[in-house]
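Report on one structure; see the data block that follows.
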Amino acid sequence: MIVLIGFMGAGKTTVGHLLSERLGLPFTDSDLVIEQRSGRSVRQIFAEDGESAFRYLEHQVIAGLLDGPALVLALGGGAAEHPGTRDRLAAAEVVYLQVGYEQAMHRVGGDPGRPLLARPDLAATYQRRLPLYAGIATLTVSTDGRSPEAVSEDILARLAPEPAAKRPVRR
């Protein structure tokens, strides 16, 4: 299982699909699963129930996905803010797709399906999440100015197991 984390606009869904194809694993976006199970859009859940209710539901969905079969899983940008989700991710292969704030806004600006874009404290939210992403990542890959294909190739190369001759002997 490979879990992709990072701020909105980092490329989690696009890179996730590419990794899925290369690895022969199914791809799942936690936000889409939440929408399917709740029968409402993420935007609607935020508007009707608030962010804390959404984060609770998101945690439940992610925990279930992590307990399931191997897949490439893209998490919503705020998933790392839930302590229980961070705890569950400690045992997973977590790839942090690092994106600069300006690049992220360029990629997602004006997307009506992203409720966080309306927050006046969006830049502060971005800054608050950076150490959370870095703290749970087993691999960090920059996406700024790079194609999704280059990012996915970088991930695959860095996740490839070392040849047996180069692995340290564990006693």
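At-a-glance table
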{"quantity": "Sole exception among (1) open to solvent by less than 10 Å² (accessible area, probe 1.4 Å); (2) in contact with an Asp or Glu (Cβ under 7 Å, 6 or more places away or on another chain); (3) not hydrophobic (A, V, I, L, M, F, W, C) for Arg55, by number", "calculated": "(1)"}
{"quantity": "In region 66-98, residue nearest to Ala160 (Cα to Cα) [restricted to those that are assigned to a loop (DSSP other than H, G, I, E, B) and not aliphatic (A, V, I, L, M)]", "calculated": "Pro69"}
{"quantity": "Sole residue being over 21 Å from Tyr133 (Cα atoms), open to solvent by 10 Å² or more (accessible area, probe 1.4 Å) and among the small types (Gly, Ala, Ser), chosen from Gly24, Gly77, Gly84", "calculated": "Gly24"}
{"quantity": "Filtered residues of region 144-170 (kept if of a type in the set (Asp, Glu), in a loop (DSSP other than H, G, I, E, B) and at pLDDT 70 or above)", "calculated": "Asp144"}
{"quantity": "Failed item, numbered, when Arg40 is tested on (1) farther than 19 Å from Ala91 by Cα; (2) not in a loop (DSSP other than H, G, I, E, B)", "calculated": "(2)"}
{"quantity": "Matching option when the condition is touching a residue at least 60 places away in the same chain (Cβ under 8 Å) and of a type in the set (A, V, I, L, M), among Val15, Val33", "calculated": "Val15"}
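The values are calculated or read from the model by the stated rules, or taken from the named source; none is laboratory data. None of these values were measured; they are calculated from a predicted model. A quick note on method: Cβ atoms are made from the backbone with ideal geometry, for glycine too, and the neighbour counts reach across all protein chains shown. These area figures cover heavy atoms from the full protein model, side chains too; ligands, DNA and RNA do not enter into them. Shrake-Rupley method; radii C 1.70, N 1.55, O 1.52, S 1.80 Å.
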